[in-house]
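Take a look at the structure below.
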Amino acid sequence: MPVELRHVRCFLSVVRHLHFARAAEELGIAPPALTRQIQEAERLLGVRLFHRTKRSVALSATGEAYLNEAVSTLEHLTHGAERAAMAERGELERIVIGYGGGRFTPTCCKPRCAAFVNGIRASRSASAKS
C-alpha cells in the first residue's frame with residue numbers, strides 16, 4: 001500500500017505544530033489516531049520522519065527531505081482541484097481558430113476572428129453576472 005493523502009496531511013500538520021495533540025486537534029482526530037497515521041506513513045516509506053520523545057517532537061533529516069515533496073504534492077492536488085472547478089464553470093474552454101489559403105487572407109480573417117473572440121468574452125461576462 002502506498003502513502004496516501006491522509007498520511008501527507010497528518011505529516012504536514014505535525015510539522016506545523018511539532019506537537020501531536022495540537023496537530024490532532026487541527027485535523028479533528030484523536031492523538032492516538034494521528035500517531036498511528038504517522039507510524040503507518042513511516043512504515044510505508046521505510047524511514048523515520050520525526051525524532052520523538054515523551055516531551056518533544058522534532059523533524060528528522062529524512063523528514064526534512066520529505067517535507068518539500070509533501071508540500072509540493074499537496075499544492076499540486078489543490079491546484080488540480082481548482083482547475084477542475086474552473087473546467088466545471090467553463091473557464092478552461094479552448095478555441096483554436098485557423099485559416100487556410102484560397103480566398104481567406106489574414107487581412108479579412110483578422111477582424112472576423114477578433115469580433116468572434118470579443119463576442120465570446122462578452123457572452124462569458126454576461127453569464128458570469130447572472
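The values are calculated or read from the model by the stated rules, or taken from the named source; none is laboratory data. Small disclaimer: the values here were computed from a predicted structure and weren't measured. Cβ atoms come from the backbone with ideal geometry, glycine included; neighbour counts cover every protein chain shown.
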task = Scan segment 104-115 and give yes if some residue there is among the charged types (D, E, K, R), at pLDDT below 95, assigned to a helix (DSSP H, G or I) and more than 16 Å from the chain's Cα centre (by Cα), otherwise no.
result = yes
ask   = Does ARG6 satisfy being of a type in the set (D, E, K, R) and in a loop (DSSP other than H, G, I, E, B)?
value = no
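Can you pull out the residues in segment 12-35 that are among the β-branched types (Val, Ile, Thr) and outside any helix (DSSP H, G or I)? Step through it out loud before you land on a result.
Going residue by residue through segment 12-35, those that are among the β-branched types (Val, Ile, Thr) are 14-15, 29, 35.
Once the filter is applied, which keeps residues that are among the β-branched types (Val, Ile, Thr) and outside any helix (DSSP H, G or I), segment 12-35 yields only ILE29.
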key: GLU69 being modelled with pLDDT of 95 or more and under 17 Å from ARG6 (Cβ atoms)   = no
query = Here are some conditions: (1) among the aliphatic types (A, V, I, L, M); (2) more than 16 Å from VAL71 (Cβ to Cβ); (3) within 24 Å of the chain's Cα centre (by Cα). LEU59 meets all but one. Which one does it not meet?
reply = (2)
key: Hits in segment 36-92 (condition: loosely packed, with under 12 Cβ neighbours inside 10 Å, hydroxyl-bearing (Ser, Thr, Tyr) and assigned to a helix (DSSP H, G or I))   = SER72, THR78
note = Checked ALA70, ALA65 against criteria (in the same structural domain as LEU34 (by TED's automatic domain parsing), among the aliphatic types (A, V, I, L, M) and in contact with a helix residue (DSSP H, G or I) (Cβ under 6 Å, 6 or more places away or on another chain)); the one match is ALA70
